[in-house]
Amino acid sequence: MRRGATTASRWNPGFGRDVARTHHGMIEIMDGRTIAGPVLAAMLAGCGGAPPATNVTANAAGSMTAAPAPTATPTLAPAPAGTPLTLAPPSPRADRAAAFVAGKDGWTPILYLCDGVDGSQVAAVSATTLRTFAKPGMSATMRTIALGAEDAGAGSIWRDMTRGGETVGAVRSINPGMLGMAEATTLPTLSSVRLGDRETRCRWLPRARLLIVAPRRSAIVTREADGSYTYRSFDYARPGPVSEGGEAGTSSTPTVDVRGGRLIAAPAGQEIYEFSAAPWVYRVAASARTGAPGASVTVLKDGREVSRAEAITYEMAAARVD
């Protein structure tokens, strides 16, 4: 299938809504010119209340802002277990993994997704386009680029970004073979994205299965050695201290950290993870289908939906389903 823009607008993870609808209000700036919509207000409005601000352990604590009227049926029984999708091979780029960014024309496949751990920005890179999202407001800028060939050396893989024949930046990945842990090298091993003299360090954790960038926070799901899953989210307005430790990955202190999660039943080509910390439940869903991309984080309290954040961009460890 051609790696071009995906025009399908409806994605249904079993409890969702029309994903593309929330992206029509996104601001994008092409080479310095505004080309669409008001500032992410429509997208932010679709997110509902915020999840608890404190770290979540076995017993959730923290306050919740006023939530809209319940929109989901209470969860009365545990959902059946799900089956993980086939993983893409370890790679410095999402050449076979499911990775997409949303824009005014729908979803587009990308090669690199960088969630800046220092709280500055997010970068989504394809062979011809660089999109950056400035935290915390997530205003978007789109630049036309040409992504050069890979240049490997000293454990890193570099690719220059050029415009008009002039180098304007670079993408740096870690050579997956240098990490020495193929079973834990799941998401593409991106390290940093540089534009001009500004370098953004990218979030990467071993055994990660899904990275979602939403309007107010990003979230990452990892699979633990015992087969369970961990959910961590990172509020843009309150970035935590950065930790960087080679094989341990690069990240920052999460705003919410819920362990003991599981994969639940999902439609074909999708994954849905569920994390419980009474009275809260977090459901993280993503599609690997190139014809129907989309991802979201839904928060429930006492079985009722209190917030839902749909992805601006995301990547999965799973291989794309064409």
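Within region 247-261, restricting attention to residues that are assigned to a strand (DSSP E or B) and β-branched (Val, Ile, Thr), which residue is farthest from residue 192 (Cα to Cα)? Can you show your working first?
Of region 247-261, the ones assigned to a strand (DSSP E or B) are 250-252, 256-261.
Still in the running and β-branched (Val, Ile, Thr): 250, 256, 258.
Working: 250: 10, 256: 24, 258: 27 Å.
That would be 258.
Checking the conditions here, which among 310, 315 is among the charged types (D, E, K, R), within 26 Å of residue 142 (Cβ to Cβ) and in contact with a Cys (Cβ under 9 Å, 6 or more places away or on another chain)? Steps first, please.
On the way: 315 fails: in contact with a Cys (Cβ under 9 Å, 6 or more places away or on another chain).
Answer to the check: 310.
What residue, of 105, 115, is open to solvent by less than 20 Å² (accessible area, probe 1.4 Å), of a type in the set (Asp, Glu) and under 23 Å from residue 286 (Cβ atoms)?
Details: 105 fails: open to solvent by less than 20 Å² (accessible area, probe 1.4 Å).
115 is the lone residue from the list that is open to solvent by less than 20 Å² (accessible area, probe 1.4 Å), of a type in the set (Asp, Glu) and under 23 Å from residue 286 (Cβ atoms).
Residue by residue, here is whether (1) open to solvent by less than 50 Å² (accessible area, probe 1.4 Å); (2) hydrophobic (A, V, I, L, M, F, W, C) holds:
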| residue | (1), (2) |
| --- | --- |
| 218 | yes, no |
| 230 | yes, no |
| 244 | no, no |
| 257 | yes, no |
| 261 | yes, no |
| 269 | yes, no |
| 274 | yes, no |
| 285 | yes, yes |
| 293 | yes, no |
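Among the residues of region 135-155, which ones are among the charged types (D, E, K, R), open to solvent by 50 Å² or more (accessible area, probe 1.4 Å) and either closer than 14 Å to residue 215 by Cα or not in a strand (DSSP E or B) (or both)? Quick ask: steps written out before the conclusion?
Our first condition is that a residue be among the charged types (D, E, K, R); within region 135-155, this holds for 135, 143, 150-151.
Applying the additional criterion that residues be open to solvent by 50 Å² or more (accessible area, probe 1.4 Å) yields 143, 150-151.
150 - this is the single residue of region 135-155 that is among the charged types (D, E, K, R), open to solvent by 50 Å² or more (accessible area, probe 1.4 Å) and either closer than 14 Å to residue 215 by Cα or not in a strand (DSSP E or B) (or both).
Out of the residues in region 156-166 that are part of a strand (DSSP E or B) and open to solvent by 30 Å² or more (accessible area, probe 1.4 Å), state the one that is farthest from residue 210 (Cα to Cα). It would help to see each step written out before you state the result.
Our first condition is that a residue be part of a strand (DSSP E or B); within region 156-166, this holds for 156-163, 166.
With the extra rule that they be open to solvent by 30 Å² or more (accessible area, probe 1.4 Å), the set shrinks to 158-160, 162-163, 166.
Numbers: 158: 24, 159: 24, 160: 26, 162: 29, 163: 31, 166: 34 Å.
Within region 156-166, the match that is farthest from residue 210 (Cα to Cα) is 166.
Return yes or no: is residue 132 surrounded by fewer than 16 Cβ atoms within 10 Å (Cβ to Cβ) and in a strand (DSSP E or B)?
On the way: surrounded by fewer than 16 Cβ atoms within 10 Å (Cβ to Cβ): no; in a strand (DSSP E or B): yes.
No: the conditions fail for residue 132.
Does at least one position in region 190-202 carry a residue that is open to solvent by less than 20 Å² (accessible area, probe 1.4 Å) and more than 15 Å from residue 122 (Cα to Cα)?
The initial filter retains those residues of region 190-202 that are open to solvent by less than 20 Å² (accessible area, probe 1.4 Å), namely 190, 192-193, 200, 202.
Subsequent filtering for residues that are more than 15 Å from residue 122 (Cα to Cα) retains none.
Within region 190-202, not a single residue is open to solvent by less than 20 Å² (accessible area, probe 1.4 Å) and more than 15 Å from residue 122 (Cα to Cα).
Is it the case, given these coordinates, that residue 228 is under 19 Å from residue 133 (Cα atoms), in contact with a Lys or Arg (Cβ under 9 Å, 6 or more places away or on another chain) and of a type outside the set (Val, Ile, Thr)? Spell out how you get there, then give the answer.
On the way: under 19 Å from residue 133 (Cα atoms): no; in contact with a Lys or Arg (Cβ under 9 Å, 6 or more places away or on another chain): yes; of a type outside the set (Val, Ile, Thr): yes.
When the stated conditions are applied, residue 228 does not pass them.
Under the condition of being open to solvent by 10 Å² or more (accessible area, probe 1.4 Å) and farther than 18 Å from residue 244 by Cα, which residue from region 203-216 is farthest from the chain's Cα centre (by Cα)?
Result: 216.
Please work out which one of (1) among the hydroxyl-bearing types (Ser, Thr, Tyr); (2) farther than 15 Å from residue 101 by Cβ; (3) more than 19 Å from the chain's Cα centre (by Cα) is the condition residue 144 fails and give its number.
Unmet condition: (2).
More than 23 Å from residue 236 (Cβ to Cβ), buried (at least 17 other Cβ atoms within 10 Å of the Cβ) and either β-branched (Val, Ile, Thr) or in contact with a Cys (Cβ under 9 Å, 6 or more places away or on another chain) (or both): does that describe residue 185?
Numbers: more than 23 Å from residue 236 (Cβ to Cβ): yes; buried (at least 17 other Cβ atoms within 10 Å of the Cβ): yes; either β-branched (Val, Ile, Thr) or in contact with a Cys (Cβ under 9 Å, 6 or more places away or on another chain) (or both): yes.
In short, yes.
The values are calculated or read from the model by the stated rules, or taken from the named source; none is laboratory data. What you see is a predicted model; the values in this text were computed from it and never measured. Positions of Cβ are backbone-derived with ideal geometry, glycine not excepted, and every protein chain shown enters the neighbour counts. Surface accessibility is based on the protein's heavy atoms, side chains included, excluding ligands, DNA and RNA. Shrake-Rupley method; radii C 1.70, N 1.55, O 1.52, S 1.80 Å.
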